[in-house]
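Below: one structure, written as structure tokens.
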Amino acid sequence: MRSPIFVTTLLTTGISSVFWLNMDAACAQLADRQLESLTEEDAIALSGFSLPDRSAAQHSLSDRILSNRILPDHTPANPVLFHHLNTSSPNAWADASRELAALNHSELNYAAFLDSRLNADSRVMMSIDDILNASVPTSLSPLLVAQGAAIAHTPRMNIAAVESSPTESGPTNSRPANSGLTDARPRDSRLMLADARWDEFINAHDQDINLRIQPRFSAGHTASGAYTNGLTRLAGWIPLRQREGENVTFAEPRFNVDNEGHVGGTVLIGHREYDNDTDRLWAGYLAWDIRETQERTFNQLGLGLETLGDTWDVHLNGYIPLGDRNATLEDTSFSSGLTSSTTFEDNLLVLSERQSETRILREDVSLGGFDIGTTVELADWNDENGDLRALASLYYLGGPGIDDDLGWRLGLELRPIEQIVMGVSVQDDEIFGTNVLASINVNLIRVRPKDDVLDEFEAEFEVVERLGEPIRRNPTIAVATNTDVETTVTEVIEPLFNPQNGRDGNPGPYRFIHVSLGANTNGDGTFENPYNNIDDAIADAEANARIRFGNSEIAENQIIYVDASASVDINAFEIPAGVRVLSQGPPQLLNGSNDSFSTFPVVEGRLPFSAENNFNTGIAGEESGVVVTLPGSGDGDFPLVDSGATNLITMNSNTVLSGFRIEDATGNAIIADGAVNVEIRDSFIANAGERGIFLENVQGDVFLFDNEITDINGGTDSGQGILIRNTATNVEVVARDQTISDARVGFEINITNAGVGAPAEVGASQSVEIESANISNNLEQGLLLTASDPGNTQEIVIEDTTIRNSGFEGIRIEAQKVGSQIITLADSFVTDSGDAGIRVIGGTEDAELAAPQEVFLFRNLIARNGGAGIDIIVNELSPQELGISDNIITANAGDGIQAVAGNLSFLEFVTDDDNDSDGIFRNTITGNSGQGIDIDANDTATVLADIRENTLENTATTDGIPELEVVANTNTASVCTFVLSNNATTSGSIVLNNNNTGLVQGLFQVAGLNDGTTLSSNITSTGTITFLPDISSFTEPESPTSCFTEGDEDE
């Protein structure tokens, strides 16, 4: 029986190596099946095949075509033949025949299996003739049927079928003239070659299988998000060396440009290998990335591994930054400036000074890290030329100054056709937050090879044809903009120290005893738990003084701080020595010796109980430090003290009272008797039965600031708004901004009672500065200044003060009984008094004591008073020196200036540079009811007067009464006058009268009498000065320009 046997051989080659190809499992299965049916009469030899110049992938394809499509259900049955056919021995066929013969097959048509192998040198397959002429054992020679494969030595693989018919004499070979097979059919059904599949097999092997990967270029764009600022890219994929269908070494160059025009790119070298056992691709790569940003170009080394398969892939990428990883975008520093605060803690006032320096460093930072991810095919179409894939990955990023973080990414990737890939993903991490990214990439040619055979047998080539896909990794260097804000805080915290005690000595810091009037509970005097009444606070201060100093009268450094927001009245109280009682009503400033601070005000000032500025003056030895406003002060709530004792507030040595209302005292609203150093400020006093403020024999320094006093009643010795009286003590007083009204006497300063004949050193002294006072509507004097008794002296300066609507004199200045005064009134208003505006009295008429006075009146307005503008009276042996300059004296009911010297008194209108005095100088004296200037010397009095450059006009004198007149009323009086450049335009003009009514004239000197120009410098209505009785009664002094020589001024 004739059984045709088809021997089929499929030739393939690799690109880079020469290797032996063993019998495919499908051929072994076929051979075993045929051997199972062998008889003694015939045998079927199955042909093995080998593919010259083809790859393992092509070989595998042929294997699969044969095994999956021709003999899909066959399994190997003959282990002997299978063993030998799967060896590389050239004697495999002979060995197989011998072993089959040994199995008692007496006759066997043996198959001349094709021992095809590559010759590494010639790359030439064993020819079909070599196979057919191979030696055959004689015992098996009767039958030989062979179907062989003619192998062409061309890149194409053709399958040739050779038909043979067995004869008794041996095999005969019949082969076509060419090496191709056009329509050979199997003649034995045992080959199980279905006619329907045979053409496919023949056609598939009759064509080229083209797996060569071509270079290509692509363009794409990734939208802005995360570390990309919109990225447009041009990329290439260039095979450098490839073994078709097996492996490829390739380069991926890429050029990027972002939305801001910054460029970058990648050079990547990779190698991808196909593994037939796992049917997967394995790849690794190295890459160098570069990215330009605003300030720097970053570099990065990339490396990674991947595996690609039929439905799922895995990618692992590492990113290693190279070079400098930081690029400074902004580096600015600024200071918030020094800020200060004052807060109470317990019993302390704590100062805090804080300065913050902030540096803002904004940098681009290149991030290193890795990612690992997978892609899974969800669907495919168009013979797998399109697909939809899901992707998921974890990634780790970090860099200098940026907290490392692990993020995640999920996405979908759509390939609608082979050359277009679109993707969308969402990712989240702590560095960039949550971002949605979209991308598109277009390849100019196909990524996968295009071949009809591949299309037909796509399932067998689906993995290997992915050899040319690009590496899946981040498209650019990850760069994060890191903003580092570094703030350095410098803070100094200290309690406020008392500069009068020194921060290193006792008692050191101020101790505050807090009082919150009307609080529900009574505390311990701390800020957090204050007392609710002032009595307990005073007791606390006294107890603390005893504990610390052993004496309750030395409670220095303690401040009782009163909050009166609840409007609860206070009973009368006494301030312990050394204690300050302050309310939150007015702003409260406190000096401190702290020298660690620079934001608190450092201004020149005075410490308590000091007559002059002695803080922050820069003078060596004087204290310096800070000035602090107490927290809570200035709230406008002034505690009210209105009952409980005759004198409502009693002050002791070194005490301060500030910010209280004191009303309805039956005696004195505030009294200090014998105290040393007292300060009263920012208080309101009303309706006291005797006095508003009574300072009796107070010593040291007294400060009265910003007090308002009104409605003070009282009799002959009381009723003063302020009374300062000293008998045997010395005091310095500064009174600023006092408002006093509706008292018997507004402000009285009295020094007296040292005793007649007592030595001067036992006397008292008062040095008083009154500034910016407003004294009005008082029953008697607005300001009463009296000095009497030996050794008692007053030095009083009144400036910028208004005294008006006094019932008697506006100001009364009086020295008696050897008391002495030096009074200066400047830049003030004295108006609308019931009597003289200013009255100066020295001595008592017809007495025999001397009460010296120096009174200087500069730049004042003296107007509308009920008597003379200035009324000067001197008697006894009293000397008076007066300087009256630059005043406006107008509309008074009497003379502008009226002066009368009697007894043995000495009256001088002196020119004295030491006192800035020029006599009666440059005054404007107009519109008064009496004479402009009237000076009279009586008895044996002496008058010296320099009268210069005054304007005298519009006085209401009758005809014949001069504007300016100097009169010696007795021949025992002595007069000297210097009259120069005065302007008197009314009738009567200027008259000098030397006892015109007496028979004998006294001494009357006129400076410049004989020079002709001095007298003519005066302007009068008559054109000259009138001398009475005549000019011959007058003489000229030693100096023609003044009544005062240098020696006289010194006296």
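The values are calculated or read from the model by the stated rules, or taken from the named source; none is laboratory data. Please read these numbers as outputs of a predicted model, since none were measured by experiment. A quick note on method: Cβ atoms are made from the backbone with ideal geometry, for glycine too, and the neighbour counts reach across all protein chains shown.
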*Can you spot a residue in region 289-297 that is at pLDDT below 95, exposed (fewer than 15 other Cβ atoms within 10 Å of the Cβ) and of a type in the set (Val, Ile, Thr)?*
no
*Does residue 914 satisfy being under 28 Å from residue 792 (Cα atoms), surrounded by fewer than 24 Cβ atoms within 10 Å (Cβ to Cβ) and out of contact with any strand residue (DSSP E or B) (no Cβ under 8 Å at 6 or more places or on another chain)?*
yes
*Mind listing whichever residues of region 874-893 are modelled with pLDDT of 95 or more and outside any strand (DSSP E or B)?*
886, 887, 891, 892, 893
*Output the residues belonging to region 239-261 that are among the polar types (S, T, N, Q) and within 17 Å of residue 471 (Cα to Cα).*
242, 247, 249, 256
_Of the conditions (1) within 29 Å of residue 289 (Cβ to Cβ); (2) surrounded by 17 or more Cβ atoms within 10 Å (Cβ to Cβ), residue 355 satisfies every one except a single condition; which number is it?_
(1)
*Specify the residue that is surrounded by the fewest Cβ atoms within 10 Å (Cβ to Cβ); the eligible residues are those in region 232-258 that are among the basic types (Lys, Arg) and over 28 Å from residue 438 (Cβ atoms).*
241
*Within region 1022-1034, considering residues that are free of Cβ contacts under 8 Å to residues at least 60 places away in the same chain and surrounded by 15 or more Cβ atoms within 10 Å (Cβ to Cβ), the one nearest to residue 954 (Cα to Cα)*: 1025
*Which residue, of 710, 716, 666, is more than 14 Å from residue 741 (Cα to Cα) and touching a residue at least 12 places away in the same chain (Cβ under 8 Å)?*
666
_Which listed residue, of 284, 261, is surrounded by fewer than 20 Cβ atoms within 10 Å (Cβ to Cβ), in contact with a Leu (Cβ under 7 Å, 6 or more places away or on another chain) and of a type in the set (Gly, Ala, Ser)_ = 284
*How many residues are modelled with pLDDT under 90 and either in contact with a Cys (Cβ under 6 Å, 6 or more places away or on another chain) or not in a loop (DSSP other than H, G, I, E, B) (or both) when one looks only at region 552-611?*
5
*If we keep just the residues of region 666-711 that are crowded, with 20+ Cβ neighbours inside 10 Å, not small (Gly, Ala, Ser) and not in a strand (DSSP E or B), which is nearest to the chain's Cα centre (by Cα)?*
682
_If I ask for residues that are within 27 Å of residue 367 (Cα to Cα), among the hydrophobic types (A, V, I, L, M, F, W, C) and touching a residue at least 40 places away in the same chain (Cβ under 8 Å), which ones from region 268-295 would you list?_
268, 283, 287, 290
*Any idea which of 964, 904, 952 is surrounded by 24 or more Cβ atoms within 10 Å (Cβ to Cβ), closer than 25 Å to residue 1035 by Cβ and in the same structural domain as residue 854 (by TED's automatic domain parsing)?*
964
*asked:* Can you tell me how many residues within region 765-791 are touching a residue at least 60 places away in the same chain (Cβ under 8 Å) and crowded, with 24+ Cβ neighbours inside 10 Å?
replied: 1
*What do you reckon, is residue 334 surrounded by 14 or more Cβ atoms within 10 Å (Cβ to Cβ), touching a residue at least 24 places away in the same chain (Cβ under 8 Å), aromatic (Phe, Trp, Tyr) and outside the structural domain of residue 525 (by TED's automatic domain parsing)?*
no
*Wholly within region 745-861, which strands (runs of 3 or more DSSP E) include no fewer than the required count, namely at least 3 residues that are over 22 Å from residue 719 (Cβ atoms)?*
765-771, 793-799, 820-826, 853-858
